Structures are given as C-alpha cells and as structure tokens.
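The values are calculated or read from the model by the stated rules, or taken from the named source; none is laboratory data. In this text, all values refer to a predicted model and were calculated from it rather than measured experimentally. Backbone-built Cβ (ideal geometry, glycine too); neighbour counts: all protein chains shown. For accessibility, only protein heavy atoms count, side chains too; no ligands or nucleic acids. Shrake-Rupley method; radii C 1.70, N 1.55, O 1.52, S 1.80 Å.
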Amino acid sequence: MQWLEIKIWLESATGFDRDALHIYGAVIIQFGLALFFRRSLASPWPWIAVLIVALANEYFDYQRVGESANSKAIFQAEGYKDMWNTMLIPTFLLLVARIWPTWMIGKSKKLDRSAAVTVREKNSN
C-alpha cells in the first residue's frame, strides 16, 4: 500500500479532510510520545518527533509531484499549509508548557495558603 493510499483510506475511514488529519495527527503524536516516553509537553522531544513525522509526510508527498513548474508551485503552497496546520498546536502546547507551566492547572495550594497568611497579617495590623 502506497503512502497516498494510506492517507486516502484514513480520510475515508475517519470522515476528516487532510487538513484536519494533519492537526489531529500532530496532537496525537505529541501527546502519545510524551506519555510513552514519560516526558512533559515542556520537553522539546515530543515536538521534535511531530516535526520529523511532518517532514517525512511532506517528503513522501513530494515523491509524487510532477516535473511541471505548476505542479511544483502547487505542492509548495500545499506543503507550507500542511506544515502550518501540523505544527501550530504542538508549538503552542510546547510554549505554554515551557513558559506558563501552571497556566492550565490553576494556582497551587501552597500559593493559596501563602495568600491567606498575607491577608490575615494585613487584617491583624
């Protein structure tokens, strides 16, 4: 089975178009590898794995591009769009996990306790 046939089968089996498959596939790969290798999303390795898979996909797509300048231009435009769709959410998740690691988990109880102590100290003065 050729790579293109696999992609067409995935499209028909899931009902999603190729752009959506790029997005969902990237997130599944990033989370799946982070879980499998017990890495945080703040680690660059799951993101790098998504990038490698996306580049490999584009390489396999490039194998079926014709010799005409028009087909190469169309492939290039589609390739940029595919990479954008594939890497946007994993990049966002990597940056959030690295820069704001507590953003999605809320405040810790330690911070809540220290805030309560500060309020009590201000009220007692």
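Values for this structure:
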{"item": "Residue check, residue 105 at pLDDT 75 or above and more than 19 Å from residue 3 (Cα to Cα)", "result": "no"}
{"item": "Candidate set from segment 29-67 (those that are polar (S, T, N, Q) and part of a helix (DSSP H, G or I)); member that is least open to solvent (accessible area, probe 1.4 Å)", "result": "30"}
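For (1) on the phi < 0 side of the Ramachandran plot; (2) in contact (Cβ under 8 Å) with a residue 24 or more places away in the chain; (3) not hydrophobic (A, V, I, L, M, F, W, C), each residue gets a yes or a no:
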| site | (1), (2), (3) |
| --- | --- |
| 11 | yes, no, yes |
| 14 | yes, no, yes |
| 26 | yes, yes, no |
| 31 | yes, no, no |
| 40 | yes, yes, yes |
| 53 | yes, yes, no |
| 64 | yes, yes, yes |
